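Everything below concerns the one structure shown next.
The values are calculated or read from the model by the stated rules, or taken from the named source; none is laboratory data. Predicted model only: the values in this text are computed from it and were never measured. Every residue, glycine among them, receives a Cβ derived from its backbone with ideal geometry; neighbour counts consider all protein chains shown.
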Amino acid sequence: MKSTVEQLSPTRVKINVEVPFDELKPNFDRAYQKIAQQVRIPGFRPGKAPAPVLESRIGRAPVLDEVVNEAIPAKYMEAVQSGDVRTLGQPDFEITKLEDKDVLEFTAEVDVRPEITIPELDDLAVSVADIELTDEEVQGELDNLRARFGTLTGVERPAQNGDFTSIDLSATVDGEEVPGASTEGLSYEIGSGQLIDGIDEALIGLSEGETATFTTQLVAGEYAGKDAEVTVTLGSVKERELPEADDEFAQMASEFDTIDELTSSLRERLTGSKRMQQGVEARDKVLEQLLERIDVPVPEKVLQGEIDNAKHDAIHPYDHDEEAYKKALEAEGRDPQEWEDEVRTEAEKSVRTQLLLDTIADEREVQVGDQELTERIIYQAQRFGVSPDEYIQRAQQSGQLGAIFADVRRGKALATIVRGATVTDESGEALDLTELFGPDEDQAETAETDTVEAADEAAEAAEAAGAAEAEETTEAESGSSSDK
């Protein structure tokens, strides 16, 4: 087989492949065997008819079709590997020459990873927001904890924000009842934002048994994007009573003995969370600088695939009706064309980011360990509310395990860049992001070396102590023998 690679653009190549028929003998053997199983020829058992008999019965063309359809993908992969072509996506095949018993020639146009030049990045510097933690934030965290131990009590008063209610709902569009929109005895916390727009305003001020009607836009189903008239009836109202924030509560809700200790712990936790936010902000700003500095050509087909995926996710709640989604945007005062432009811009940024971080990972020889991959799988499984085993099974079925591995590797590649950048807060103080991104390779190696050296020194000391003890024991025994 002969193959050549022709560069069409920085992101696309044409692979020309020439295959002599001598190399296709295994393909012909499999083709005859497969066809023989499908064709019934008198005098021969299924699968046993010889090739000449098969061809005389069905002709040569079906055999050639089977051979070509099997050979082209395999020979393409062989050409990709021999030419060290870093392909992206599926190729477009074209048979350019097919001379029976002589040669098969075809071309494959495919997107490829572009060559990306990474400059020196020693001068990368970003600034992130200062940590600002207010007493109100700490109190809010404490109140959230108290709410977990709160009790619901029925009240005889109009509904207020934060109340827990039981409600009946129904909806109509142009006078017709919306299927599936009617329900009775639905539990709902006012202000939680878990139901349709307008429900909170309609409920606040209602007393038990009273009804209100409001207009809202539906976001899913056959009426997505249309205005519906919703009727809500308040069944009951309960308010949550919070336990007192005292030492007794601290002992019940935590490992602490006093409310002051619990509050201090909450403050430390919130501070740590804000430090993590600083790290995320630093990471995002470093990435923005990388994308600004480095030219990353974007393969058009890969970009289009990313755009299609983003649109699919956006219109999924609208039964994949893009026009219904655009009408919903217009009802919100948004321009559908601006949405299209935003989708393309974000998709292009996503593709450029992936290609850039893949290149950095290659240059820096970033490796992904089993433990790191397992941690990402567990994290993703928790996000989707499934077990890790179920998540892995789904990822395998959808062919996404490779994408998970690639995401972990890209994250590690970006972390190597962030660790080398100068990161300060708005007050000018340099930040230590080791907690978020881990130590750099030199620090890790130094720490490992120090640990090994310390262990060696401890072992040597123990060995020396043991030898000294043995010597003292021997001397003592010798003295005892002399006394005797």
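Looking at Asp295, Asp308, which one is outside any helix (DSSP H, G or I) and of a type in the set (Asp, Glu)?
Numbers: Asp308 fails: outside any helix (DSSP H, G or I).
Only one candidate qualifies: Asp295.
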What pairs come up if the first residue lies in the range 11-40 and is more than 16 Å from Tyr76 (Cβ to Cβ) and without any contact (Cβ under 8 Å) to a residue 24 or more places away in the chain, the second is of a type in the set (Lys, Arg) and part of a helix (DSSP H, G or I), and their beta carbons are under 6 Å apart, counting only those six or more places apart or on different chains? none
Residue check, Asn144 against (1) in contact (Cβ under 8 Å) with a residue 24 or more places away in the chain; (2) surrounded by fewer than 13 Cβ atoms within 10 Å (Cβ to Cβ), all met but one. Which one? (1)
Subset tally (residues that are touching a strand residue (DSSP E or B) at 6+ places or on another chain (Cβ under 7 Å) and hydroxyl-bearing (Ser, Thr, Tyr)) for the range 117-151: 2
Filter the range 224-257 for residues that are surrounded by fewer than 14 Cβ atoms within 10 Å (Cβ to Cβ) and either farther than 30 Å from Tyr325 by Cβ or at pLDDT 95 or above (or both) and give the result. Glu241, Glu244, Asp246, Glu248, Met252, Glu255, Asp257
From Val368, Val418, Val351, Val343, grab the single residue that is hydrophobic (A, V, I, L, M, F, W, C) and either at pLDDT below 90 or not in a helix (DSSP H, G or I) (or both). Val368
Need pairs with beta-carbon distance below 7 Å; first residue closer than 30 Å to Thr151 by Cα and in contact (Cβ under 8 Å) with a residue 24 or more places away in the chain and within the range 164-184, second in a loop (DSSP other than H, G, I, E, B) and not acidic (Asp, Glu); sequence gap 6+ or separate chains. Thr165/Ala159; Thr165/Ile190; Leu169/Ala181; Leu169/Ser182; Ser170/Ala181; Ser170/Ser182
Consider only pairs whose beta carbons are under 6 Å apart and that are at least six residues apart or on different chains; among these, list those whose first residue lies in the range 299-312 and is charged (D, E, K, R) and whose second residue is modelled with pLDDT of 90 or more and outside any helix (DSSP H, G or I). Lys301/Asp111
Please enumerate the residues belonging to the range 1-58 that are polar (S, T, N, Q) and part of a strand (DSSP E or B). Ser3, Thr4, Gln7, Ser9, Asn16
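Please work out if Arg86 is in the same structural domain as Asp100 (by TED's automatic domain parsing) and within 51 Å of the chain's Cα centre (by Cα). Show your work before the answer.
Details: in the same structural domain as Asp100 (by TED's automatic domain parsing): yes; within 51 Å of the chain's Cα centre (by Cα): yes.
Yes; evaluated as a whole, the condition is true for this residue.
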Counting only residues that are over 21 Å from Asp163 (Cα atoms) and not in a strand (DSSP E or B), the range 203-244 contains a total of 9
